[in-house]
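Heads up, the thing below is written out as structure tokens.
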Amino acid sequence: MRNAGHMTVTASSPTVASAPVRTLPAATPTWRYLGFLIGPGVGSFAFNAVTVTMPQLQDAFAASETQRELVIAGYGMPFAVLLILGGRLGDRFGRHALYTAGMGLFLASSLACAASPTIDVLIAARIVQGIGAALCTPQVLASIQATSTGTARVRAIAGFGASGGIGAAAGQVLGGALAGSTLAGVSGWRLVYLVAALAALAAIVLAPFAPRSRAHEAVTIDVAGALELGVGVLLIAAAVTFGPAVGWTWPVFAALALGAAVLVALWTHQDRIERSGRVPLLPPSILRLRALQRGLLAAGLFFVGYAAVLYVIPRAVEAGLGYDSLAAGLLLLPFATVFAIVSLSLAPIQRRLGERTLVWGVCLQLVALTGFSATVLVAWGPALIWWAQPALIVLGAGQALVFSPLTQAVVREVPVEAAGLSGGMFSTVQQLALSLGVIAIGALTSATGWAGRAELLSGSVLDVVLATGVLTLAVAITARAPRQRR
């Protein structure tokens, strides 16, 4: 049961049972979170902009395909592996301190990326960049959950979603614009990292305005649990990342099986710790909550489909229609703009639609995907950049109506005393699902040989199937959710 944004914890949940009850501020101005809200955008920009600069890296360093993959995976894997630990470190040492430290590490590593003399140095700097992102990202949702309620929380979470969308779009467009350019003798791919460093600096400067929070009682870090979680997630992430490149040979499946076994051992270990009255890294009593499981599963399906479509659109139009990186990015710019606008306008929408906002968002997404598929079928050609806009604009609105309510569905199920856990879990699911979406559509098109229009249609159809699953879960989530107070 929840009341006014809190969870009443039963005796079966020793992790948070002894935490004192707090009264959260009724309204924290959204502008105070601005430094924190830059974080998700910086992370999205760092991934999307770097992805479109791969051809320039090949020219600059004669980088092999494996090395180029490591530039991307070197950021994504430590990011995914350390998110939950980063959230719990925020509970222990203070979310503001961890955010600033993580963003500082991100800033320093971005500068190192920009100055990298070799591809190996670049890969190492990208690993550090991923670690920095993992330390700061979970603190955003955790701080919002711990320091706001009601409409103020809705606005802040909507800003979280808008930031990620803006960062992704800026990565595609600005990355495409910079990729083949040179400014004052600095190559475009290096400028991408300098832009990321400037954004990180702005985040650090504005971060002190954010309200500070940490867990009410001392949180001991479960080192063994952190190692088990890290090894399990790393094995699975490495398997799905490099599986396509090595042809899904037996070591890939061995890594998947071993990773799953380690995570099963982690669950047993965490359950034993919690039953003894100590604080585990991942409290099973919280993870057993049916509503939380549905929210995380729905988020996973949503982000797999999201990645499949947004990855395949630039790739398909570049290969099939001869668009350059900038034009391919501009194709998605209205989508991202509408996504940001609707996200920032979500509070009044949710006041009107209540819990049904999530269901309406998924329905709108399905309509948009159907319209987009029809447009690709009948209007495939150089003018697609114009014909596709109505469907993409509707898609941006629909996905904005899904992203924030899904985030809220996960956050509200975790007690505020373990807010770092909610930020870490949601971000971990998001990161792994985004990677899986790219891999899934890549494997499908590689197996079939589809390219151009066929590849684009396959991504849309895959997202329709996944969105149908999200709709089923959304109906279940909203059916059990408490009615929003007006």
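Each reported figure results from applying straightforward, stated rules to the coordinates on display, with no laboratory input. Just so it is clear, the model here is predicted, and its values are computed rather than measured. When we count neighbours, we look across all protein chains shown, and the Cβ atoms used for this are built from the backbone with ideal geometry, even at glycine.
Computing FRET efficiency as 1/(1 + (r/R0)^6) for Val186 and Met54, where r is the C-beta to C-beta distance and R0 is 25 Å, gives about 0.85. In this simple spin-label model, placing a label point 7 Å from the Cα along the Cα-to-Cβ direction at both Trp248 and Val367 gives a separation of 3.7 nm. Distance from the C-alpha centroid of segment 221-300 to that of segment 132-210: 28 Å, rounded to the whole angstrom.
If I take R0 = 25 Å and measure r between the Cβ atoms of Thr220 and Trp31 in this structure, what FRET efficiency does the formula 1/(1 + (r/R0)^6) give, to the nearest 0.05?
Working: r = 35 Å, r/R0 = 1.40.
So, using R0 = 25 Å, E works out to roughly 0.10.
The H on the amide N of Tyr323, modeled in the peptide plane, is under 5 Å from the matching H of Glu318, each at least 5 residues off or on a different chain. Residues whose amide H lies under 5 Å from that of Asp222, counting only those 5 or more places away or on a different chain, are Leu281; hydrogens are built 1.01 Å from N in the peptide plane. Once the C-beta distance of Arg278 and Leu227 is scaled by a Förster radius of 25 Å, the resulting FRET efficiency is 0.90 to the nearest 0.05. Subtracting the Cα-Cα distance of Ala319 and Thr468 from their residue separation scaled by 0.36 nm leaves 50.7 nm. Multiplying the residue separation of Thr268 and Trp387 by 0.36 nm and subtracting their alpha-carbon distance yields 37.5 nm.
Among the complete DSSP H segments of the chain, which ones combine at least 20 Å of alpha-carbon extent along their axis with a mean Kyte-Doolittle hydropathy of 1.0 or more? Don't skip to the end; give the middle numbers.
Values: long enough: 34-51 (26 Å, 1.35); 65-93 (40 Å, 0.50); 95-114 (28 Å, 0.97); 119-147 (42 Å, 1.27); 150-179 (43 Å, 0.88); 188-206 (27 Å, 2.09); 223-242 (28 Å, 2.15); 250-275 (38 Å, 0.72); 290-321 (46 Å, 1.12); 325-344 (28 Å, 2.21); 356-379 (34 Å, 1.59); 389-411 (33 Å, 1.33); 419-448 (44 Å, 1.19); 453-480 (41 Å, 1.31).
Counting only whole DSSP H runs, the qualifying helices are 34-51, 119-147, 188-206, 223-242, 290-321, 325-344, 356-379, 389-411, 419-448, 453-480.
Quickly estimate the mean residue ellipticity at 222 nm for the chain, helices only: each DSSP H run with n ≥ 4 gives -39500 (n - 2.57), and the total goes over all residues, rounded to 500. Don't skip to the answer; put the middle values down first.
Numbers: 18 runs with 372 residues, N = 486.
Mean residue ellipticity, 222 nm, calculated: -26500 deg cm²/dmol.
Each label point was placed 7 Å from the Cα along the Cα-to-Cβ direction; for Val205 and Ala257 their separation is 5.5 nm.
Give me the number: length gained by fully extending Thr151 to Ala443, i.e. 0.36 nm times residue separation minus the C-alpha to C-alpha distance, one decimal in nm.
100.9 nm
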